[in-house]
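> Just passing along the structure, written as structure tokens.
All of the numbers you see were taken from the coordinates with simple rules; none came from a lab. Everything numeric in this text was worked out from a predicted model, so none of it was measured. Don't worry about glycine lacking a Cβ; one is built from the backbone with ideal geometry, like all the others, and counts go over all protein chains shown.
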Amino acid sequence: MASRLPPLDHKLLRDLWRMRGQASAIAMVIALGVLTLVMMDGLINSLDQTRQAYYERYRLADVFAPVKRAPEHLLKDMMQIPGVSSVEGRIDGAALIDLPDLPVPIRAEALSLPDFRAPRLNDIYLTSGRRLDPAHDDEVILLNDFANAHHLKPGDRITVTMNGARKKFRIVGLAQSPEFLFSAPPGELMPDDARFAVLWMNRRTLEAAFDLKGAFNEALLSISRDANLPYVLDAIDRMLDPYGGLGSYSVADQISNRFIHEEVKQLRLSGNIIPPIFLAVAAFLLNIVISRMVQSEREQIGLLKAFGYTSYEIGLHYFKFILSIAIGGAILGCILGIYAGRLLTGVYLIYYKFPFLIFQLNPRVFLVGITVSILAASAGGLFVLRKVFALTPAVAMRPPAPADYSRSFTFGKRLKAILDQPFRMVLRRLMRQPLRAGIAVVGIAAGMALSVSMLSIMGSFDRAAALNFDVIDRSDANVTFIEPYADKTIFDLKRMKGVFAVEPFRNVAAVLRHGPYSYRSGIEGLISAPSLKRAVDADAKEIYINPNGVTLSQSLVDILHIKPGEILTIEVHEGRRPVLEEPVVAITSSLLGSPAYMEIGALDRALKEPGRVSGAYLKIDPSQGAALYSALKEMPSVAGVSLKSEARVAFQKMIDQSAGAIRYIMTIIAGIITFGVIYNSARIAFAERQRDLASLRVIGFTRGEAAFVLLGELVIITLLALPLGSLFGYYLSLAMSLGFSTDLYQVPAYVIPESYGIAALAVLAASAISGWIVKRDIDRIDLVSTLKTRD
């Protein structure tokens, strides 16, 4: 025969069924907290594991060392550097792809592959077609996502311009590469599959195109785990310096890898902030529920103790109730977290160009999720369970002594004349139990704050786009040259038909240092009073580019821990490679990248290269755009043309597909948690006052008046929560803006007014729905059976 359940376990099952609505709502709050924890852990582990596996299988280099031109025999010398385990030399050149249906030439990066073997480092993953045939110098392998964006396939032909020479190539394969998980046009930070291509060609083909026979212009190195990276970088720089070395850097500074690193950093931030909020709210709800149960079951507790049950056994019974809700919610959260993690990982697989996916969850996260849920729930219930141990059978079987409200607030004659009896009952209850009402207000406010912060983050990304592309960058296009040219080129651009205004710029690769802090970036030279590409302060007011120093973005100031007036060391990694010492003269607000500006004339003088420009920002006549772009295609000095409109679309796509996916999910979760808090507050209030409501009905109150006594309290608590939730939301929005900001792009700390209204409407809607559900239960009260129940 099957063993019978102990009586207390029978009671536990009945209690769970009787309070299934409240128990389910609390379990859902716990589930959302665990869901977020598991989902974030799955995303972080999946991105990390997939990235590492991809890097290892296709041998992504640990060190990149660009150089102007270096003889191949140096590769053997690099192998002698302690810690270096493998070296590969290659040719890396700029190219333009001319597609017949596009007016603007598309910038591309042309990379060499060894003629008769697979590369030792930075191999490619062939998605279709075949590898290059060394016997044919007109074959090319194309980056898979660019090909898909333009409906190109193996067998198609494209026209490519390299080093001023134009040639047709036949696509023989499409590929992905760990080096281009994130692909952006040179000089830009936003990925755009349609505007940037990577071409892999035979080594012999690129040697001829860039006049690098027997030489290389980039060295790739892998290093051992115990290698001293700074020593390796310094040794390589010394070795390449006579040949025009441009400064070696580790994979940590490689742009594609940096973007994924920042994405993981943001996921960790969200995972550390959101789950504790949910679990704290669940603990608060359980505290109220268990407190109500102990209060309403005093007589049952007394009877159980009279029949020989110990305080420990009875306390364990109520603790099992807590554990059932906590464990049930945690298990549901684990299951939903796995599903949500897999779903979001699929989104990241589209955005970051992984050829495969390793979805991996650390088993520890399930243990942490369940343990933290139990601890949070226990914190909400154990404080109340002390009452069980304090009750003796004789005391428990008597009704509790009425509370003493003789010194509580009383209504004067004027208030009595204004307020009717039901409304006075509502206010009297709130004033007699201010702590419970205050906790309910804080719980609802916390849910609203999450909604406000997530809606504001969405608005902040939109504001970032508007500020960057409407206020900071007011050009229509920018032209970059193959190398710094004499500034007379600017006059050639000004004479072109359809060009309204031209502003030159000079970009110089450099490492910026201040004390022990450093950042690999560059210096951008602008005219002193630019109007097309401006430096602005925190209030979006234009900043004059002072020729007596350097203007740094706020993100760089934070990274380098530097203040205006202090000296910045600039290690230039091109030309004569001078080391400049410049004072910081101003701080600018930047939303894309972490730029540093100098006045272009002062920069050229410091480099001892007067009158040189790297490109220009253009203001153009839209009606003349097609003809102008066609003319720019024919200029051999032009390395690329970027349209601001296309960059803006790429930015919007980026924030919608990466960080955006998390923002949308968090907004939905915030709405659910808000509803859960309000619904539980309404259900708890109904459970506590069910006998009072029945009494009111018996003495003549209508259903509507009785419902008003209960729901009026909910309305007042909700209205009190709105301003507090707005205040919480403001500060949480600022914190989230800082968390989402990186050195690659910044999210302005801005709270959009509409977020308050939308979040408040969501709270009011949740209150209305919860009130309607509870109102139905009030109307269905069985007056006789309810009044027979001892309170």
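> Hey, got a sec? Which GluC sites (Glu not before Pro) in the range 517-604 land in a DSSP loop and have at most 16 other Cβ atoms within 10 Å?
In loop regions of the range 517-604 (DSSP not H, G, I, E or B), the sparsely surrounded GluC sites (Glu not before Pro) are Glu566.
> Another question about this same structure. Take Val63, Val426, Val232 and order them by how many other Cβ atoms sit within 10 Å, fewest up front. Can you show the working numbers first?
Values: Val63 26, Val426 19, Val232 23.
With the sparsest Cβ surroundings first, the list reads Val426, Val232, Val63.
> Follow-up. Say the dipole of the range 499-620 comes from +1 at the beta carbon of Lys and Arg and -1 at that of Asp and Glu; which of Tyr597, Ile559, Ser614 then lies farthest toward its positive end?
Final value for the positive-end residue is Ser614.
> Right, here's the next one. At 10 °C and 1.306 mPa s, grab the translational diffusion coefficient of the range 64-251 from Stokes-Einstein with a Kirkwood Rh over Cα pairs, rounded to a whole number in µm² per second.
Details: Rh = 17.2 Å.
Value of D from the Cα-based Kirkwood radius: 92 µm²/s.
> Calculate the FRET efficiency for Phe356 and Ser637 from the Cβ-Cβ distance with a Förster distance of 41 Å, rounded to the nearest 0.05. Each step should come with its number before you reach the end.
Details: r = 42 Å, r/R0 = 1.01.
With a Förster radius of 41 Å, E is 0.50.
> Additional query: For the range 218-230, take each phi angle, set θ = phi - 60°, evaluate the Karplus expression 6.51 cos²θ - 1.76 cosθ + 1.60, and give the result in whole Hz per residue in order, putting x for glycine and proline.
3J(HN,Hα) across the range 218-230, in whole Hz: 7, 10, 10, 9, 10, 10, 6, 5, 9, 6, 8, 4, x.
> Quick check on my link table: of Lys265/Lys563; Lys353/Lys653; Lys494/Lys644; Lys68/Lys153; Lys153/Lys213; Lys11/Lys305, which ones sit more than 23 Å apart, alpha carbon to alpha carbon?
Lys265/Lys563; Lys68/Lys153; Lys153/Lys213, as the Cα separations exceed 23 Å there.
> Test of understanding: what is the full-extension gain from Ile327 to Asp9, defined as 0.36 nm times their sequence separation minus their Cα-Cα distance?
Full extension from Ile327 to Asp9 adds 112.8 nm.
> Report the local net charge at Ala535: Lys and Arg +1, Asp and Glu -1, summed over other residues whose C-beta lies under 12 Å from its C-beta. Present the calculation step by step, with values, prior to reporting the outcome.
Values: positive: Lys533, Arg534, Lys541; negative: Asp473, Glu524, Asp537, Glu542, Glu599.
My count for the surroundings of Ala535 gives -2.
> Looking at the range 1-48, which trypsin sites (Lys or Arg not before Pro) are DSSP coil and have at most 12 other C-beta atoms within 10 Å of their C-beta?
Arg4
> Let me ask you something else. Quick check: from the Cα gyration tensor, does the range 566-619 come out rounded (a/c under 1.5), prolate or oblate?
oblate
> Long-range amide H contacts for Leu246: which residues qualify at under 5 Å (H placed 1.01 Å from N, peptide plane, sequence gap of 5 or more or a different chain)?
Here the answer is Val67, Lys68, since their amide H atoms fall under 5 Å of that of Leu246.
> Now, a different point. Over the range 64-251, calculate the relative contact order: mean separation of alpha carbon pairs under 8 Å at least 6 apart, over the residue count, as a percent.
Numbers: 394 pairs, mean separation 71.5, N = 188.
Relative contact order here is 38 percent.
> Per the Cauchy relation, a quarter of the hull surface: what is the mean projected area of the convex hull of the alpha carbons in the range 413-542, in nm²? Don't jump to the answer; show the numbers that get you there.
Values: hull surface 72.7 nm².
Hull-based average projected area comes out at 18.2 nm².
> Whole-Hz Karplus ³J(HN,Hα) for the range 456-464, in order, using 6.51 cos²θ - 1.76 cosθ + 1.60 and θ = phi - 60°, x for Gly and Pro?
For the range 456-464, the Karplus curve yields 5, 4, 4, x, 5, 5, 5, 5, 4 Hz.
> On to the next question. If you look at just the Cα atoms of the range 442-487, how large are its Rg and its Dmax in Å?
20.1, 65
> What trypsin sites (Lys or Arg not before Pro) in the range 72-143 are in a loop by DSSP, with at most 10 other Cβ atoms within 10 Å of the Cβ?
Here the trypsin sites (Lys or Arg not before Pro) that fit, given the DSSP loop and packing criteria, are Arg117.
> Could you tell me, in Å, what Rg and Dmax come out for the Cα atoms of the range 488-548?
Both quantities, over Cα of the range 488-548: 15.3, 50 Å.
> Could you list, bin by bin from short to long, the percent of Cα-Cα pairs of the range 499-620 in 5 Å steps?
Reading upward from the zero bin: 2, 12, 23, 26, 20, 12, 4, 1, 0, 0.
> So, one more: Please compute the net charge surrounding Tyr125, taking Lys and Arg as +1 and Asp and Glu as -1 over other residues with Cβ under 14 Å from its Cβ. Intermediate results must be reported in sequence, preceding the final value.
Numbers: positive: Arg51, Arg57, Arg59, Arg130, Arg131, Lys353; negative: Glu56, Asp123, Asp145, Glu179.
Taking every Cβ under 14 Å from that of Tyr125, the sum is +2.
> While we're looking at this one, here's another question. If you take the beta carbon distance between Tyr544 and Asp138 as r and set R0 to 60 Å, what does 1/(1 + (r/R0)^6) give as a FRET efficiency, to the nearest 0.05?
That pair, Tyr544 with Asp138, gives E of 0.70.
> Quickly work out the Tyr731-to-Met431 label distance, labels modelled 7 Å from Cα along the C-beta direction, and quote it in nm with one decimal.
3.0 nm
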